[in-house]
1. Please determine, in degrees from 0 to 90 and to the nearest 10, the orientation of helix 165-175 with respect to the longest principal axis defined by the Cα atoms of the chain, where the helix direction is its Cα long axis.
2. Would you mind checking the tilt of helix 54-67 against the longest principal axis of the Cα atoms of the chain, expressed as 0 to 90 degrees and rounded to 10?
3. How fast does region 63-171 diffuse by Stokes-Einstein, in µm²/s, taking the Kirkwood radius from C-alpha pairs at 4 °C and 1.567 mPa s?
4. Just going by the charge dipole of region 12-85, with Lys and Arg at +1 and Asp and Glu at -1 on Cβ, which of 75, 48, 31 is farthest out on the positive end?
5. Grab the Cα-Cα distance for residue 271 and residue 16, subtract it from 0.36 nm times how many residues apart they are, and report the gain in nm with one decimal.
6. Expected output is a single nm value to one decimal: the length gained when fully extending between residue 75 and residue 108, i.e. 0.36 nm times separation in residues minus the C-alpha distance. What is it?
7. Loop-only GluC sites (Glu not before Pro) in region 189-247, please: DSSP not H, G, I, E or B, and at most 15 other Cβ atoms within 10 Å.
8. Output the relative contact order of region 1-132, whole-number percent, from Cα pairs under 8 angstrom with separation of 6+ residues.
Amino acid sequence: MSSAHFDDRDGHIWHDGKMVPWRDARIHVLTHALHYASSVFEGERVYGGTIFKLTEHTERLVMSARTLGFELPYSVAEIDAACNEVCAANGIVDGYVRPVAWRGSEMMGVSAQATKIHMAIAAWPWPSYFSPEARMKGIRLKTAPWRRPAPGTAPVHAKAAGLYMICTLSKHAVEAEGYHDALMLDWRGQVAEATGANIFFVFGDGRLHTPTPDCFLDGITRRTVIDLARARGIEVVERVIMPDEIPSATEVFLTGTAAEVTPVGEIDGHAFVPAELTMQLLEDYEKAVGKNGAGNQAKDAASSAA
């Protein structure tokens, strides 16, 4: 890659069914999605040349588009094939894939029935969402100034671009105070998630607790980790979790395609130490996706923190 900027790189992007040079993947300034957030996307990880749970991601992209009122002009199989083609064209063995679909510039206004649906897929190397040191020590969170909206006010179960505006605002607000990410509550004041990852708690009863995803994404990584926990005989409880319960937690971690399994070391001044259950699931997840050497790193970090 010739530049850190995402508009100035070598490589290729799949754009409306064709592979084009990276720098030529452009849209018009009056694109409907730019003005009215009529866009959906996915984030996918490549491990050892294989995109983890690719079809699940593509199926969610299709669902998100339908939630926003449009159909993608490609089948799930065609999108899967295009994602793999992009990785091959860019030589991505371990990295990140970003499919995105949006309404075009045929209409300018809230109404958008006549817009053309466009789609692009890019891929690039991306080793870790958080720094390895922060991730293994446990990242620091602070409660966000913005809340997740009620299901009757936004398409909360779609991976829609517009829903991430409050995530950016929240993450910027807490980063300015030295935190790594923000913990978002929902409109009721219940614990929801981080700005781009789901959250899990251990409260000392040997069970894994996580908020019910009734107003935010039930993440693919979230479901994977729940399956891994149950495979180990760990009971998983999906329930309402209130902020005043957080100080009594013994372990906390985030899950997401970008975050993978990331231990949390602090929320609003309350400290947690990444311990056995967190590190076991981190190791199990990294084995599931095909990462090598992760288990030893996780165990070493847990021993150092103890």
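A short reminder: the numbers here are calculations on the coordinates, not readings from a lab. None of these values were measured; they are calculated from a predicted model. FYI the Cβ positions are ideal-geometry reconstructions off the backbone, even for glycines, and counts take in every protein chain you see.
1. With both axes taken from Cα atoms, the answer is about 50 degrees.
2. Once rounded, one gets 70 degrees.
3. 76
4. Projecting each Cα onto the dipole axis, the largest value belongs to 31.
5. Roughly 87.0 nm would be gained on extension.
6. 9.1 nm
7. Numbers: sites: 193, 235, 238, 245; in loops: 235.
Loop-located and lightly packed - 235.
8. Result for region 1-132 is 30 percent.
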